[in-house]
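Have a look at the structure below before the remarks.
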Amino acid sequence: MSSSTPRAGKKPDRATKAKIAEQRARQRRADRRRRILTVVGSVIGVAAIVGALVAIKVTHNGSSGSSTAVAVSPAPAAVVDKVTGVPTAVLSSVGAGAVKSLPQPIQGDKLTKDGKPEVLYVGAEYCPFCGGERWALINALSRFGTFDNLKITQSAKNDSPSDIHTFSFRDAKYTSDYVAFTGVETQTSDTAAGPPAPLHKLTKAQQALYTKYNTGGGIPFLDFANQYASSGASFDVSGLQGMTWQQIADQLDQPNSDVAKGIVGAANALTATICKITDNNPGDVCNTPTITALQKQLSTKK
Amino acid sequence: MAAIGTPGRTATAVADDGWRPPRWAWPVTLLLALVGLGISAYLTDAHYNSSVVLACPDTGVVNCAKVTSSGESMIFGVIPVAVTGLGYYLVVTVAMLPQLWRNTSPLVRWGRLGLMVAGMGMVIYLVFAELFLIDAICLYCTAVHAITFLLLATVAIATVWTPLDDVDDDEDHDEELAEAGPA
């Protein structure tokens, strides 16, 4: 024990009291400094995490020239509601809109699934024309049934037109009393490692139909129960370039917009074709002046 | 916990470990929280009101519309992140009120820090999503992220801060203890 330490019962002298007080004060200052340093260190650590994310991003972009990563994520309800809920008045007002090509008649045994006529889509997520066509196809098929688990994605950034904001059918489920739908996305939009990565593989039966009815080999390819088929986008999709999903969706109910004329016009044409294979069921969808007029053009318009 | 009156200033509650909030804590944090609340409200309004267009470029890396209409802008595809941010900042604003800063209860003191840590965790995820999933940055979101970081820093420091005059108080206390001698 130090000679300056007070003994029990004895009043410490002034120097001893001051020394004890100074020791305790020093201890408290040290504790305070340690606590603050711990906090400051932690805060710097958090900043470092964010900085590291930014650095990785900048480095990645620098090494690849431009970002090629494309996300696929659940479609926001606000966007899905818009594309599946275009008002009837707008559908009628747009009519054929800016549709450039209609499905062509083909000859074959009626393609069915679960006892219903089947629409087969073959496309790829990187493909900008598929990207535009999906908007129209989702709108058209939603008049006959319901989509679940739709995803949003973008077409390839290094294609032309580039970066079309669209949907993907990669995990989508479609239910309808009138028509069956199969969506095949053969490749993703991920071109980071070269060609787009493979995704869905065509079955032998699908490959046979694709080969037989799509002699040009283009995508998107649509087979309407082996009664009609189309290859390529039904409208000029370049107008969608630079627009977000919400911006596209917000223009669908504006009949004079270029977006509505393209997408809704194409959707009307696809609807007319689907009505052909469902024997015009349901009536409230198929027996409208717009659809009836488009059906008259189906076998004649190129 | 005990209340100690210090000459020349309002009596301030002091926690068992000697902590009491620094005087700068509530004005600084409340101001930051209110700014964060305002931006969150703007983002929420823009989410629900299509006539409100965020004053932000919509091409290139900085693209608010691309971020706020992305799949990542919805939690589980149902709850808008903007609404979550608004709700979060409402709670944060309440937590930064002077009445709650004066409350030295460990639940309030450490709960407030926990709130900021949770918010910062979400910010790190959202920054990751912007950079690597959406490939675009939203200026307003970034402003909220920066405010969340500043709030975390100030709240963390204020949570462990022991004012220097407390050391003097402790020295007085030590003297009293020394006068009394060992138990």
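For segment A:178-295, the helices (runs of 4 or more DSSP H) that sit wholly inside it and include 2 or more residues that are of a type in the set (D, E, K, R) are A:204-213, A:258-277.
If you go through segment A:48-83 and keep only what is facing chain B (nearest Cβ under 7 Å), assigned to a helix (DSSP H, G or I) and at pLDDT below 85, you end up with just A:57. If I filter segment B:85-102 for residues that are farther than 16 Å from residue B:22 by Cα and within 10 Å of chain A (Cβ to nearest Cβ), do I get at least one hit? No, every residue in segment B:85-102 fails to be farther than 16 Å from residue B:22 by Cα and within 10 Å of chain A (Cβ to nearest Cβ). For segment B:1-40, residues that are over 19 Å from residue B:157 (Cα atoms) and at pLDDT 90 or above total 7. Among the residues of segment A:83-97, is there at least one that is within 14 Å of the chain's Cα centre (by Cα) and not acidic (Asp, Glu)? Scanning segment A:83-97 turns up at least one residue that is within 14 Å of the chain's Cα centre (by Cα) and not acidic (Asp, Glu).
Going through (1) assigned to a helix (DSSP H, G or I); (2) on the phi > 0 side of the Ramachandran plot one by one, residue B:111 falls short only on (2). Residues that are facing another protein chain (nearest Cβ under 10 Å) and not in a strand (DSSP E or B) were ranked within segment A:151-166; the one that is nearest to residue A:84 (Cα to Cα) is A:163.
Are any of the residues in segment A:157-165 touching a Phe, Trp or Tyr at 6+ places or on another chain (Cβ under 7 Å) and modelled with pLDDT of 90 or more? Yes, segment A:157-165 contains at least one residue that is touching a Phe, Trp or Tyr at 6+ places or on another chain (Cβ under 7 Å) and modelled with pLDDT of 90 or more.
Checked against the criterion of being in contact with a Lys or Arg (Cβ under 6 Å, 6 or more places away or on another chain) and either of a type outside the set (Phe, Trp, Tyr) or without any contact (Cβ under 8 Å) to a residue 60 or more places away in the chain (or both), segment A:282-289 has at least one qualifying residue. Entry remark, segment A:137-160: residues being within 16 Å of residue A:238 (Cβ to Cβ), out of contact with any Pro (no Cβ under 6 Å at 6 or more places or on another chain) and surrounded by 23 or more Cβ atoms within 10 Å (Cβ to Cβ) number 2 in total.
Tell me, which residue of segment A:190-246 that is within 14 Å of chain B (Cβ to nearest Cβ) and hydrophobic (A, V, I, L, M, F, W, C) is farthest from residue B:133 (Cα to Cα)? The extreme case among them is A:240. Could you check, for segment A:239-246, whether at least one of its residues is touching a Ser or Thr at 6+ places or on another chain (Cβ under 8 Å) and farther than 23 Å from residue A:77 by Cα? No: zero hits.
Residue by residue, here is whether (1) more than 10 Å from chain A (Cβ to nearest Cβ); (2) within 12 Å of the chain's Cα centre (by Cα); (3) assigned to a helix (DSSP H, G or I); (4) hydroxyl-bearing (Ser, Thr, Tyr) holds:
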| position | (1), (2), (3), (4) |
| --- | --- |
| B:104 | yes, no, no, yes |
| B:120 | no, yes, yes, no |
| B:132 | no, no, yes, no |
| B:152 | no, yes, yes, no |
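Among the residues of segment A:138-150, those that are touching a Phe, Trp or Tyr at 6+ places or on another chain (Cβ under 8 Å), outside any strand (DSSP E or B) and under 19 Å from residue A:76 (Cα atoms) comprise A:138, A:141, A:150.
The values are calculated or read from the model by the stated rules, or taken from the named source; none is laboratory data. What you see is a predicted model; the values in this text were computed from it and never measured. All Cβ positions, even for glycine, are placed from backbone atoms using ideal geometry, and neighbour counts span all protein chains on display.
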